[in-house]
Amino acid sequence: MEFLDALAQTFAVTRFDAGLALLILLLAGLAYYFLTLHQIFEAAFGAMVGLGVYILLSVLLLGNGPLGSNGGLFPFGFSVFVVSIAIYLVFILAVLFPLHGGLVISEPTHPTIYTVLYFFVAIFFLFSMFATMVYMADQAYIFKPGTIFSLMRETPFYLEWVQKSNFYAFVLSKQDIIIPLGILLMLYKILLANIVNAALLSIWYNLSNVWFYRKKDDASYRVEFHEVGGHGGGWHDAHGHDDHGHDAHTAPWHDTHGWHGHH
């Protein structure tokens, strides 16, 4: 507790904020040794799917004024029961998707880039999961059947620690940004990241084969493009054969012995 108090005073936060930050870093470090980056992405994708199903069911069954949905597809009691079960899909699918292992996502091969990307994804994923838990607990009043979040909302720890933390205030004030941002980042990684990376690598690789030179009698620089890949069609080995294995002297040519040189 003294260590948490020191951290809280140093960064001007509550003890819960300091403890949560340490917990997220600890969990990310443990995951680095037991889980792969691919599994973290799969867990994030599963949580995103579960959250999407929960939001869809809550809008269709319970109604949402801003979205123009009045609900009423099923009796209210049954709708509440279905949505109160669907609320757990965020965490259930986050576990089931890594077990399936069917998501195709590219990973960097450079160790440093892999480590940096891993901790960024793991920390953001854990932060989002804790933010989802706080949001679910805060919105637990809409459910008539008891859920684990409604029970958590009544505990002294939640009332005295969580609700008075900066993390709680940040989640409630930025809830319209955290969830869409996580979804957009995941969709970008699945659908567009490979295309963007391929384009950037192609540009970098081609620019690396552009050479600037200047002649002694010319004050201006010139740009010379070197061919990328292959041997340029004009390469001959030491035995006079080209890169296709044929005789390099297939067309008439002139050697130093006269007009009709020997081949």
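Data table
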{"read-out": "So Pro180, is it part of a loop (DSSP other than H, G, I, E, B), surrounded by 10 or more Cβ atoms within 10 Å (Cβ to Cβ) and either at pLDDT below 80 or of a type in the set (D, E, K, R) (or both)", "value": "no"}
{"read-out": "Breaking point among (1) buried (at least 16 other Cβ atoms within 10 Å of the Cβ); (2) over 27 Å from the mean Cα position of the chain (by Cα), for Met133", "value": "(2)"}
{"read-out": "Total residues in the stretch 108-128, condition under 13 Å from Tyr168 (Cα atoms) and at pLDDT below 90", "value": "1"}
{"read-out": "Test result for Gly102, surrounded by fewer than 15 Cβ atoms within 10 Å (Cβ to Cβ), modelled with pLDDT under 90 and more than 28 Å from the chain's Cα centre (by Cα)", "value": "no"}
{"read-out": "Tabulated pairs, the stretch 154-174, first free of Cβ contacts under 8 Å to residues at least 60 places away in the same chain and farther than 14 Å from Ala8 by Cα, second among the polar types (S, T, N, Q) and part of a loop (DSSP other than H, G, I, E, B), C-beta under 9 angstrom, 6+ apart or interchain", "value": "Ala169/Gln163"}
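Yes or no, residue by residue, for (1) in contact with a helix residue (DSSP H, G or I) (Cβ under 6 Å, 6 or more places away or on another chain); (2) not hydrophobic (A, V, I, L, M, F, W, C):
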residue	(1), (2)
Ala122	yes, no
Leu126	yes, no
Met133	no, no
Phe149	yes, no
Arg153	yes, yes
Gln163	no, yes
Asn166	yes, yes
Leu181	no, no
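The values are calculated or read from the model by the stated rules, or taken from the named source; none is laboratory data. Predicted model, so just to flag it, every value in this text is computed and none were measured. Using ideal geometry, Cβ is built from the backbone for each residue, glycine included, and neighbour counts are taken over all protein chains shown.
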